[in-house]
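Single-structure report; data block below.
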Amino acid sequence: MSPVTVVTGGSRGIGAATVRRLAENGHDVVLCYRHDESAAAAVRDLVHAAGRRGIAVRADTADPDDVARLFDAAQELGELTGLVNNAGITSVIGPFVDVTVADLRRVIDVNLIGYVLCAQQAARRMTAGGAIVNVSSAAATLGSPGEYVHYAAAKAATDTLTVGLAKELGPRGIRVNAVAPGTIWTDIHALSGEPDRPARMAPRVPLGRAGEADEVAAAIVWLLGPDASYTTGTVLRVAGGL
Ligand code: NAD
């Protein structure tokens, strides 16, 4: 039986690169997207081109009803074996004192509560074991001072969630790990008001450049797969040494 994996935020960036790599590695893939239907359809077509089954489902991962609908739809592909909790947002770069309550709540809603809701649905459905990868951030340990410390705090919570779930779900044969990307070239930086932020950050990175989405996807796919069979509860930094 083929592995069946849900990837949230699969329409672009790290999520889209992960969907493509998963399909190339034999996974059937359910990709969730928030708004960009045509982009999601294009990524789903890449899954089909790799000879795998793929569906795209519109869902807000912070909404429990949407999340339940997403995982119900995934059943169409068979028994769930994998989840990539990837859908995330930053906010406009700025000092901590200027963060609005609405912004704070949305960042926590998507980056933490959404991950918990999806992990709950996945854990209930992975009756024969499986693997979960949470996409955290190097910000979780760097703190993102002057940029978005509330986002960094939400990602730190993701790391703790990873450790706790690994321990709670290990006896059921479900491994739970995280990747912590550094600065990666994706559209997320446009949301923060600085699309070229990766270029500004590059001189601080020991490898001398920002990363590519596919370099993070490679780590995610490894953590999901059989070569990581004894790896659980770890946060793998993919940050060029940052
Ligand atoms: P991106 O903005 O290119 O993609 C984010 C994806 O998540 C999109 O498909 C978007 O539609 C989806 N999404 C956002 N909110 C959603 C919601 N509520 N429900 C469903 N889908 C939603 O960003 P990316 O850089 O590919 O980010 C992916 C993950 O990587 C995020 O969790 C982000 O925090 C993390 N990350 C990114 C970087 C970076 O530098 N790009 C660094 C560290 C961590």
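Data table
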item: Among 192-202, 72-82, the order from most to least packed when residues are scored by Cβ within 10 Å on average; result: 72-82, 192-202
item: Amide hydrogen neighbours beyond the local backbone of GLY130, cut-off 5 Å, H modeled; result: ILE174, ARG175
item: Expected 222 nm ellipticity per residue - DSSP helices of 4 or more, -39500 (n - 2.57), all of the chain, to 500; result: -12500 deg cm²/dmol
item: Cα-projected label distance for ARG209 with ASP65, points at 7 Å along beta-carbon direction, nm; result: 4.7 nm
item: Pair ASP45, ARG58: separation of 7 Å Cα→Cβ label points (nm); result: 1.9 nm
item: P(r) tail fraction, the chain - alpha-carbon pairs more than 29 Å apart, %; result: 22 percent
item: Kirkwood Rh in Å, taken over region 116-194 so that all alpha-carbon pairs contribute; result: 13.7 Å
item: Hz values of 3J(HN,Hα) by residue in region 226-242 - Karplus curve (6.51, -1.76, 1.60), Gly and Pro given as x; result: x, 5, 9, 4, 10, 10, 8, x, 9, 10, 8, 7, 10, 9, x, x, 4
item: Interchain or long-range residues, amide H under 5 Å from CYS32's placed H; result: VAL7, THR8, GLY9, GLY10, VAL57
item: VAL176, VAL163 arranged by Cβ crowding within 10 Å, fewest neighbours leading; result: VAL163, VAL176
item: Theoretical gain in end-to-end length, GLU76 to ALA128 [0.36 nm per residue, Cα-Cα removed]; result: 17.0 nm
item: Rounded FRET efficiency, nearest 0.05, which uses the C-beta distance separating ALA199 from VAL116 and R0 of 45 Å; result: 0.85
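Read-outs throughout are calculated quantities, based only on the coordinates presented, and are distinct from any laboratory measurement. Worth saying up front: this structure is predicted, and the values here are computed from it rather than measured. With ideal geometry, Cβ positions are generated from the backbone for all residues, glycine too; neighbour counts draw on all protein chains shown.
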